[in-house]
Each structure stands twice: as structure tokens, then as C-alpha cells.
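The values are calculated or read from the model by the stated rules, or taken from the named source; none is laboratory data. Note that this is a predicted model, so its numbers are computed, not measured. Virtual Cβ from ideal backbone geometry, glycine too; neighbours counted across all protein chains shown.
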Amino acid sequence: MNPDSKIRYIDFHTHRQCADNDTLAIMNLTAGEDVPADFPENTLFSAGIHPWQLTGDNHEQLQTEFILTSAHPHVVLIGEAGFDHTRGVQGELQYRVFIFQASIAAEMHKPVVIHCVRGWDELLRAYREIKPDRPWIIHGFRGSSSLAASLDDQGFWFSLGREGISAEILKAVSHDRILLETDDSGRSIAEVYRHYAMTAECSEDEAAGLIRKNFNTLFNFRL
Ligand SMILES: [Zn+2]
């Protein structure tokens, strides 16, 4: 850990640009969006094809766009990508487009940020198929604590937003595999950290130290 770092908060998954100099943000780009020419200093990116983007006849174009964006040196994560039973094209195409991205992530040795709504069977099938050597992080998790415990047992990480943080969930998952996020909530990341600290019954400094340590472990950084 670098004691000189001015970074206090890490917003692991957001759709907004963040210019606060105490925050490092991973801004999500969906296929077709480029890394902006001008972006704040403490910004990294994730790039992926969101399951909501798939219509059934656009996957080849999205895959080409995804490959172009994911090669950018500031893109440190693949995703958000995954499974959604409520929106976007369903079935085998959704699965194959995820496998396409997860295979590229595996080749590049990059972690994957997962969007999953009711698609847990497919996610586990994909996990067994790819056998990734880098973590898959489930973002915006809102399921039960027993589901969280079972995913945790299988090695998944979690990026939790304000609504996903509860005493039951924090008991179910490994604290060394948790990250925090604002997603598209419009909240401040400081508020998410405060809620985490209150729920985990630790100080805000301890929360900041833990999340920073987890982030450094994930990327082998020394922030
Ligand atoms: Zn998102």
C-alpha cells in the first residue's frame, strides 16, 4: 500500500465520469462507446457487451466494437457482461456472446465484471467452461445471503452498491473479496463506504483500508 496515495475511495463500477481527486473510478463502457479522448486522471475503464444491448442481429458488430475498445491500455476489466432473464435477447445467443467476452478476458488475463439477473445457472455453466485464472466480480448483487455464500464458496468476488449491503450479505461473503460501487445510482461513493462501515461495524478508515487492499490484490496494484 502506498502511504502517499491521495486515493481514499474506489468506485469499482460506475457509468459516470468522476473528477474527485480522492476517488479512483472504473467507468463502464458498453460496446460502441470509446475511451474518451479526455478523461480525469484517476479513471480506469471496463469494456463489455451488456446483455441489454443484444437484439439478435447486432452481435457481430458489437463484438467488433468490443474488441477495439478492450485493447485500450486503460481498460483493466472486461464487462459488464453476463446474463439477464428480464431484458435483451435470451437463450443461447446471450450465452455465446458472454463466452466470447470471457474467453478474450482469459486470454488477456483480465478480471470480468458480471451483470446477472436470474441467470445464475448460465453464469456457473460459463464459469466451469472458461475456468478463469482471474476473478469474476458480480456487481450490484441483490440476491439472498445463501446464494451469496454459495457464489463466494466458488470463488466469485462481489462489488456491492448501497442497496446490496446488509448484515446478512456481509456475513455470507469473504471480506477480502468485496468492492464497492455507485453504478448508475447517482449516489456518492463516500455514502456507499459510510453505509458499508456502519453495517460491518467498523470505522470508515478501516473500510477504506479494506477496499483498497482488495483492489490492490485484484489488480496487483500498489495504490
Ligand atoms: Zn452498471
Got a sec? Which strands (runs of 3 or more DSSP E) wholly within the stretch 120-183 have at least 2 residues that are within 19 Å of residue 105 (Cβ to Cβ) and touching a residue at least 40 places away in the same chain (Cβ under 8 Å)?
136-139, 157-160
Out of 70, 46, I need the residue that is more than 15 Å from the ligand (Cβ to nearest atom), of a type outside the set (D, E, K, R) and either surrounded by fewer than 16 Cβ atoms within 10 Å (Cβ to Cβ) or closer than 21 Å to residue 130 by Cα (or both). Which one?
70
Identify all residues within the stretch 87-119 that are more than 22 Å from residue 56 (Cβ to Cβ) and either more than 17 Å from the chain's Cα centre (by Cα) or part of a helix (DSSP H, G or I) (or both); write none if there are none.
105, 106, 107, 108
Looking at residue 56, is it surrounded by 14 or more Cβ atoms within 10 Å (Cβ to Cβ) and not basic (Lys, Arg)?
no
Restricting attention to the stretch 56-115, report how many residues are closer than 20 Å to residue 218 by Cβ, touching a His at 6+ places or on another chain (Cβ under 8 Å) and aliphatic (A, V, I, L, M).
3
Qualifying positions in the stretch 73-131 - at pLDDT below 95 and of a type in the set (S, T, N, Q)
86, 90
Lone qualifier among 80, 122 - being surrounded by 14 or more Cβ atoms within 10 Å (Cβ to Cβ), touching a strand residue (DSSP E or B) at 6+ places or on another chain (Cβ under 8 Å) and over 19 Å from residue 160 (Cα atoms):
122
Name the residues in the stretch 1-20 that are modelled with pLDDT under 95, crowded, with 16+ Cβ neighbours inside 10 Å and more than 16 Å from the ligand (Cβ to nearest atom), would you?
7, 20
Give the residue, chosen from 173, 192, that is among the aliphatic types (A, V, I, L, M), within 25 Å of residue 118 (Cα to Cα) and within 16 Å of the ligand (Cβ to nearest atom).
192
Pull up the stretch 26-42, narrow it to residues that are closer than 16 Å to residue 189 by Cα and modelled with pLDDT of 95 or more, then point me to the one that is surrounded by the fewest Cβ atoms within 10 Å (Cβ to Cβ).
27
Filter the stretch 110-167 for residues that are β-branched (Val, Ile, Thr) and closer than 20 Å to residue 96 by Cα; which is farthest from the ligand (Cβ to nearest atom)?
130
Among the numbered criteria (1) hydroxyl-bearing (Ser, Thr, Tyr); (2) out of contact with any Phe, Trp or Tyr (no Cβ under 9 Å at 6 or more places or on another chain); (3) closer than 29 Å to residue 220 by Cβ, which single criterion is violated by residue 174?
(2)
Would you check if residue 23 is hydroxyl-bearing (Ser, Thr, Tyr), more than 16 Å from the ligand (Cβ to nearest atom), under 17 Å from the mean Cα position of the chain (by Cα) and modelled with pLDDT of 95 or more?
yes
Go through the stretch 52-67 residue by residue and tally those that are in a loop (DSSP other than H, G, I, E, B) and within 16 Å of the ligand (Cβ to nearest atom).
1
Pairs, please: C-beta under 6 Å, at least 6 apart or cross-chain, first residue under 18 Å from residue 62 (Cα atoms) and touching a residue at least 24 places away in the same chain (Cβ under 8 Å) and in the stretch 35-51, second away from the ligand (no atom under 15 Å from the Cβ) and in a loop (DSSP other than H, G, I, E, B)?
35/72; 35/74; 45/35; 45/74
